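The values are calculated or read from the model by the stated rules, or taken from the named source; none is laboratory data. What you are looking at is a predicted structure, and each value in this text was computed from that prediction instead of being measured. Glycine gets a Cβ as well: all are built from the backbone with ideal geometry, and neighbour counts include every protein chain shown. What goes into the accessible areas is simple: the full protein's heavy atoms, side chains included, and nothing from ligands, DNA or RNA. Shrake-Rupley method; radii C 1.70, N 1.55, O 1.52, S 1.80 Å.
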Amino acid sequence: MNNIHNQSIPQEVLDQAISRINEAAAILKPYTLSLTPDERKNILKMGDKSSAFVEKALEYTKTNPEFIPAFMTSADLEIDLADSKNLVGPVSLVTQLLYSLDDTMMVAGSEAYYAALYYYKSVQQAATMNIPGAKAIYEELKKRFPSISRKVDGSASAASK
């Protein structure tokens, strides 16, 4: 077993990180929004190509304001465009942190599960050899892996003959 996660993150480091993440969330809270999964799926998304289009449209709203629909303003468009650009950096940092934390959690969990399975197999073997204390541990741990009993009805066994 290759144990690549071999250094525990100290609780005080986790507490400090959580505190700072909460601080950042609180600072940004008045300016952020929350979408439902359905809203995220159906919202019109701006990419690299559409960004250039939006920038050009913003320029035209300033030089030709007579074409701005009554329900919008050039200032609102400018705010939306600026925030969509200004949030790229913070989103990238948070995304990198998320992936790093998620990968670490996944590896730690995987290694813990493998180690527990190796221990279980060792106890199972010890129980079959009647080593004292092994059977009780094996009986307790095997509850996690209930066996599936399959009943063969008479018609199925007759058809296979």
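Does at least one position in segment 3-10 carry a residue that is open to solvent by 100 Å² or more (accessible area, probe 1.4 Å) and over 21 Å from the mean Cα position of the chain (by Cα)? Explain how you work it out, then say what you get.
Initially, segment 3-10 is screened for residues open to solvent by 100 Å² or more (accessible area, probe 1.4 Å), giving 4, 6-7.
Adding the requirement that they be over 21 Å from the mean Cα position of the chain (by Cα) leaves 6-7.
Yes; the residues of segment 3-10 include at least one that is open to solvent by 100 Å² or more (accessible area, probe 1.4 Å) and over 21 Å from the mean Cα position of the chain (by Cα).
Please return the ranges of helices (runs of 4 or more DSSP H) entirely within segment 1-66 where 2 or more residues are within 20 Å of Asn86 (Cα to Cα) and without any contact (Cβ under 8 Å) to a residue 40 or more places away in the chain. The qualifying helices (runs of 4 or more DSSP H) are 11-28, 48-63.
Would you check if Leu77 is touching a Leu at 6+ places or on another chain (Cβ under 9 Å), in a helix (DSSP H, G or I), open to solvent by less than 100 Å² (accessible area, probe 1.4 Å) and touching a residue at least 24 places away in the same chain (Cβ under 8 Å)?
Judged against the criteria, Leu77 is not a match.
Of the numbered criteria (1) open to solvent by less than 100 Å² (accessible area, probe 1.4 Å); (2) touching a residue at least 12 places away in the same chain (Cβ under 8 Å); (3) within 30 Å of Ser8 (Cβ to Cβ), the one Tyr118 fails is (1).
The set of residues in segment 8-65 being at pLDDT below 95 and charged (D, E, K, R) consists of Asp48, Lys49.
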